[in-house]
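The structure appears below as structure tokens.
The values are calculated or read from the model by the stated rules, or taken from the named source; none is laboratory data. Keep in mind that what you see is a predicted model, and the values were worked out from it rather than measured. A quick note on method: Cβ atoms are made from the backbone with ideal geometry, for glycine too, and the neighbour counts reach across all protein chains shown. The accessibility values were calculated without ligands, DNA or RNA, using every heavy atom of the protein model including side chains. Shrake-Rupley method; radii C 1.70, N 1.55, O 1.52, S 1.80 Å.
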Amino acid sequence: MTRSARGFSLIESIVAMAITLTVTAGIFGMVHPARRTTAAELEVADLQQRLRVAADALSRDLLLAGAGSYLGPHDGALGLYLPPVMPSRQGATGDDPPGAFTNDRITLLYVPPTAAETTLLADLTPGSLTMELAPKAGCPGGANLCGFARNLSVLVYDEHGNYDLFPVESVDDGLSQIIVSKPPDALSTTYAAGAKVVEAVSRTYALRTDPATGSLQLTTYDGTYNAEVPVVDHVVRLSFDYFGEPLPPAISRPLSDESGPWTTYGPKPPDSTVKPTAYPAGENCAFARDADGEPVPRLATLGAGPGLVQLTAAQLTDGPWCPDAANANRWDADLLRIRKVAVTLRVEAAAPMLRGPAGPLFLNGGSARGGLAWVPDQEVRFEIAPRNLNLGR
Amino acid sequence: MHGVPRGFSLLEVVVATSILVVGVAGVAPLLVVASRANQSARNTTLASLLAQQKMEQLRALEWARDPSGGLLSDVDTDLTVAFAVGSGGSGLRPSPAGSLDRNVDGYCDFIAADGRVVGGGSVPPAGAAYVRRWSIEPLPPDPDEALVLQVLVTRDGSLPMSPEDVRLTSIRVRGGL
């Protein structure tokens, strides 16, 4: 046998095995924590993306809140007629009761760029589902109601503080009629001929427990019979603070003028002999009349101005009520003061194995034992001054 | 087969194993890079939201005309407290030159790492992680009508800006948007 065919000696084998074992052990020792770190870093990136999506969705709709009609009568920002920002869920299903205040729910209302804007031609009585609409001028092809379509949401409002969002069931262009379905709280309101009818978007943001996983998610609801849809998963905190105008509304131009806005905010008082609501003749939720019959604000002064003041839950739920205190769909006139909304958002890691014990870092505890692979909750605060609530400020 | 099959020598095995170790060790720093990138993304996100927050506070201040055409300008609101609800501050009063380059009392505030306002003034208080400065400059052609608003959010407060710093610019027109 030649020397080279002898194989390894015992010493050589032992040394080779020792080297192999050391290197393999080293590699395994690195792979295990690396796997955890990889999972954690992926989750951090995902968590931050969820935070950005949630903040972006909320900012976008908050910025638009209060955008109003821009054609025909009753135009201008919605804040002259109704509350575009409500601290509760509003809509056809699961409606919060009048005067509700929940700091983790918000309903925003705005008119998108739309051709669907007209007025009621005849009164809309509580029992009727058919709206007779004034034919629009300038529709192509001689159509009466261009822009209106099935499944659109139309907002109907008048100058006394009544408003409702109706899903459109069908459109009869020849008769200039639309058939709507009626949410329960609209069943007692009569809208007089001349009330505004315009396409509108309602967005309710809220937290809900995801039935599939039991975790909290941010949802949005469109105010109709549709169910709410999830926006972002694993949002564990959502809260809103409201900041508003300390000064009560004032008359900004003579009420006899043809076109408004007549007030700094809120609905203008009716003529002194007219009594459209339970308030005395010539008064509404925003304005009373003094001994001389001049309009005086019904709302309180909350500060010296001009800086904003924080609006408390009590201030937003204690009246005065619009259209009046007996209305099934009443709302607090102080909601019209809102000029800025502050949002707090907190997002957690999806997997419990990446969350440590409940405490300052984790709102909901998880199963992670060591601190190596912890992915703490992230919380942000931002503020939005909706542009249409700050017109003329 | 020519020659005799010899197997690897010990030296060859050691060299091969070293190459393997160096290769695997080279992957490990990638985790550190990923972690830093995530941290940087978080800083940038937070800085953007902080800058947007200040801009919205500035946009919510009164800058309008009364019905008779008189100027209504908020030069009183203190923007250096949380939610900008204080009074006795500088409001929309034009800022001194260079208020984005250094901390000017009344035109900057300090933010903790969790996003809470920890105070104003010109010296960072304990716990400050971000400096937020803003400037308010009347727009030359019609200084009573339009303001240029700028907000700078930075971590270390020095110039030039780092990639994680955020700067926003906007124009405010009296009574308009």
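What does the charge dipole of the stretch A:192-330 about its Cα centre add up to, to the nearest 20 debye, if the Cβ of each Lys and Arg holds +1 and the Cβ of each Asp and Glu holds -1?
140
Could you order A:384, A:19 so the one with the most accessible surface comes first? Probe is 1.4 Å.
A:19, A:384
What's the angle, to the nearest 10 degrees (0 to 90), between helix B:10-59's Cα axis and the longest principal axis of chain B?
Between the helix axis and the principal axis of chain B, the angle is about 10 degrees.
For the protein assembly as shown, what is the Kirkwood hydrodynamic radius in Å, using each pair of distinct C-alpha atoms?
Final number for the Kirkwood radius of the protein assembly as shown is 27.6 Å.
Which lysines, if any, have their Cα less than 20 Å from the Cα of residue A:340, not counting same-chain residues under 8 positions apart?
B:54
Could you list, by residue number, the cysteines of the protein assembly as shown that have no other cysteine's beta carbon within less than 4.7 Å of their beta carbon?
Lacking a cysteine Cβ partner under 4.7 Å: B:108.
Output wanted: per-residue J couplings in Hz (rounded whole) for the stretch A:185-193, from phi through Karplus 6.51 cos²θ - 1.76 cosθ + 1.60, θ = phi - 60°, x for Gly and Pro.
Result, ordered by residue: 7, 9, 6, 10, 9, 9, 9, 6, 3 Hz.
Excluding residue A:181 itself, calculate the net charge of residues whose Cβ lies under 15 Å from the Cβ of residue A:181, where each Lys or Arg counts +1 and each Asp or Glu counts -1.
Charge balance in the 15 Å sphere: -3.
Just by accessible area at a 1.4 angstrom probe, what is the order of B:134, A:321, A:374 from largest to smallest?
Descending order: A:374, A:321, B:134.
With a 1.4 Å probe on protein heavy atoms only, work out how much accessible surface B and A bury together, total over both chains, in Å² to the nearest 100.
3600
Please compute the modelled spin-label separation between residue A:344 and residue B:8, points set 7 Å along Cα→Cβ, answer in nm with one decimal.
Label at residue B:8, label at residue A:344, 6.1 nm between them.
Can you tell me which lysines have their Cα less than 18 Å from the Cα of residue A:136? Leave out same-chain residues fewer than eight positions away.
A:196
Could you tell me how many degrees, from 0 to 90 and to the nearest 10, lie between the Cα long axis of helix A:10-64 and the main elongation axis, the longest principal axis, of the Cα atoms of chain A?
0
Under 17 Å Cα to Cα from residue A:268, which aspartates and glutamates show up? Leave out anything in the same chain fewer than 8 places away.
Qualifying aspartates and glutamates at Cα under 17 Å: A:75, A:158, A:159, A:257, A:258, A:283, A:290, A:294, A:324, A:332, A:334.
Normalising by the residue count of the stretch A:202-345, find the relative contact order in percent from Cα pairs under 8 Å and 6+ residues apart.
24
In debye to the nearest 20, how big a dipole does the stretch A:78-183 give about its Cα centre with +1 on each Lys and Arg Cβ and -1 on each Asp and Glu Cβ?
My answer is approximately 220 debye.
Using amide H atoms built 1.01 Å from N in the peptide plane, name the residues 5+ places from residue A:237, or on other chains, whose amide H lies under 5 Å from its own.
Distant-sequence amide H within range of residue A:237: A:346.
Which ³J(HN,Hα) values in Hz, rounded to whole numbers, follow from the phi angles of the stretch A:121-136 under the Karplus curve 6.51 cos²θ - 1.76 cosθ + 1.60, where θ = phi - 60° and Gly and Pro get x?
Going residue by residue, I get 8, 10, 4, 9, 8, x, x, 9, 10, 9, 9, 8, 10, 5, x, 7 Hz, with x marking Gly and Pro.
For residue A:255 and residue A:19 in the same chain, what is the full-extension length gain: residue separation times 0.36 nm, less their Cα-Cα distance, in nm?
Full extension of this stretch gives 75.5 nm more.
If r is the Cβ-Cβ distance from residue A:103 to residue A:361 and R0 is 25 Å, what FRET efficiency results, to the nearest 0.05?
0.60
On average, how much accessible surface per residue is there in chain B, in Å², for a 1.4 Å probe, leaving out ligands, DNA and RNA?
50
Averaged across B:68-79, how many Cβ atoms of other chains sit within 10 Å of each residue's Cβ atom?
Across B:68-79, the average partner-chain Cβ count within 10 Å equals 2.
Please give the peptides A:84-91, A:165-172, A:22-29 ranked by average Cβ packing (other Cβ atoms within 10 Å per residue), highest first, as a rough proxy for protection.
Answer by packing, highest mean first, reads A:84-91, A:165-172, A:22-29.
Heavy-atom accessible area per residue, the stretch A:75-150, 1.4 Å probe: how many Å²?
38
Contact order normalised by length for chain A, with contacts defined as Cα pairs under 8 Å and 6 or more residues apart; what percent is it?
Once divided by the residue count of chain A, the mean separation gives 17 percent.
Just report the Cα centroid separation between the stretch A:244-274 and the stretch A:150-203, whole Å.
A separation of 25 Å, based on Cα centres.
Where the only charges are on Cβ atoms (+1 Lys, Arg; -1 Asp, Glu), what is the dipole of the protein assembly as shown about its Cα centre, to the nearest 20 debye?
For this selection, approximately 2600 debye.
How far apart, in nm, are two points set 7 Å out from the Cα along the Cα-to-Cβ line at residue B:24 and at residue B:156?
With each label point 7 Å from Cα toward Cβ, the separation is 3.7 nm.
For the stretch A:244-256, just list the computed ³J(HN,Hα) in residue order, Karplus coefficients 6.51, -1.76 and 1.60, θ = phi - 60°, integers in Hz, with x standing in for Gly and Pro.
Ordered by residue, 3J(HN,Hα) equals x, 5, x, 8, x, x, 9, 7, 9, 8, x, 5, 7 Hz.
For residue B:167, what accessible surface area do you get with a 1.4 Å probe? Give it in Å², rounded to 10.
Rounded to the nearest 10, that gives 120 Å².
Can you tell me, using C-alpha contacts under 8 Å and at least 6 residues apart, the relative contact order of the stretch A:87-145 as a whole percent?
For the stretch A:87-145, the relative contact order is 22 percent.
Could you tell me what percent of the accessible area of the stretch A:231-389 is made up of carbon and sulfur, with a 1.4 Å probe and every protein chain present?
53
Looking at B:117, B:161, B:83, which one has the Cα that reaches farthest to the positive end of the dipole of the stretch B:58-177 (charges on Cβ: Lys, Arg +1; Asp, Glu -1)?
B:161
I'd like to know which of A:284, A:194, A:145 lies farthest towards the positive end of the charge dipole of chain A, counting +1 on Cβ of Lys and Arg and -1 on Cβ of Asp and Glu.
A:145
At a 1.4 Å probe radius, which order do A:101, A:362, A:8 fall into by accessible area, largest first?
Output order, biggest surface exposure first: A:8, A:101, A:362.
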